[in-house]
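Trainee: The structure follows.
The numbers here are math on the coordinates, done by the rules we state, and not lab data. Keep in mind that what you see is a predicted model, and the values were worked out from it rather than measured. All Cβ positions, even for glycine, are placed from backbone atoms using ideal geometry, and neighbour counts span all protein chains on display.
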Amino acid sequence: MLSNGIDNLTHISPNAFHDRAEVIKVENPDGGDDTRAWGPPFAKNLDGTETESAYFLSVNRNKKSITVNIRSEEGRQVIYELVKKADVFVENYVPGKLDKMGLGYKDLSALNPRLVYASITGKAYLFSNDHLGNSFPPSPSNKYKLL
């Protein structure tokens, strides 16, 4: 399965690791990564059609890609098996979303205690507690932010 590898459960492509590790990008079976459609420019296929953005192709270079429905129990089991052999797990969902699906840090680190779980997001989100213990209401934004 995965040796010295990275599970990449991001629905928007981060560009880390793709040259130095085996990266398995897990995409939604219903259309895949949103950035496939971020264009122009689009790359031309051999038949002349243009189906994938140049951006998507550049940030996913050398990655393997699979589609998994992580909302299904069968799909979560696929993720669990990948995580057991992974070194790093990267996700970019709204904070707490994967916890509710059984794919949060506590769930996955129980399967693989040496797993590095990286949670990144380009979405604006005000966390419920800051480092000083102040409490704030969660405030997610569904707009993409350029970093």
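Trainee: What length, rounded to one decimal in nm, is gained on full extension from residue 37 through to residue 62, with 0.36 nm per residue of separation minus their alpha-carbon distance? Before the final figure, lay out the partial values.
Mentor: Numbers: separation 25, 0.36 × 25 = 9.00 nm, distance 1.91 nm.
Extending this stretch completely gives an extra 7.1 nm.
Trainee: Continuing with this model, one more query. Order 31-38, 112-119, 42-49 from most to least packed using the mean count of other Cβ atoms within 10 Å.
Mentor: Numbers: 31-38: 16.9, 112-119: 14.2, 42-49: 10.1.
Highest-to-lowest ranking by the protection proxy: 31-38, 112-119, 42-49.
Trainee: Whole-Hz Karplus ³J(HN,Hα) for segment 69-76, in order, using 6.51 cos²θ - 1.76 cosθ + 1.60 and θ = phi - 60°, x for Gly and Pro?
Mentor: In residue order, the calculated couplings are 7, 6, 7, 9, 4, 4, x, 5 Hz.
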